[in-house]
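Presented below is the structure to which this report refers.
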Amino acid sequence: MFRSLFGSRTSSRVPDVDAYELQEMIDEDKNLLIVDVRSPHEYQYDGHIAGSRLLPLQALMQRVQELPQDQPIVFVCRSGNRSHVACEQLNRLGHNNVKNFRGGMIAWKRAGLPTH
């Protein structure tokens with residue numbers, strides 16, 4: 001019943017990337033847009049990926065027109081849950097070039113990758 005009401009992440013068509021894949025994408029694709037959907041406080045005080053853009057999840061649907069449809073976008077949050085929701089929301093609006101950063105900033109830091 002819970003899945004019928006709220007859906008299941010396992011049935012999602014959202015592709016995930018891990019920390020090392022994301023770092024490789026950053027190094028190789030200068031057109032990549034990284035959107036951090038955490039709160040401004042989290043972004044500022046918990047660190048963020050260099051070059052990422054803050055767009056809190058609660059504001060995403062009001063500001064979706066700011067996101068390009070022809071550019072690859074990776075969504076980031078603390079653990080990968082809010083970013084997954086952001087990907088699903090954009091998929092429903094026709095954005096097909098979005099990926100979820102699985103594990104979020106927790107995984108990024110565990111991998112020893114730099115934060116700003």
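Is it fair to say Phe75 is aromatic (Phe, Trp, Tyr) and modelled with pLDDT of 95 or more?
So Phe75 fits the description; yes.
Evaluated against (1) in a strand (DSSP E or B); (2) open to solvent by 10 Å² or more (accessible area, probe 1.4 Å); (3) in contact with a Ser or Thr (Cβ under 8 Å, 6 or more places away or on another chain), Lys109 falls short on exactly one condition, (1).
The values are calculated or read from the model by the stated rules, or taken from the named source; none is laboratory data. Source: prediction; values computed, not measured. Here the Cβ is made from the backbone with ideal geometry for all residues, glycine too, and neighbour counts use every protein chain on show. These area figures cover heavy atoms from the full protein model, side chains too; ligands, DNA and RNA do not enter into them. Shrake-Rupley method; radii C 1.70, N 1.55, O 1.52, S 1.80 Å.
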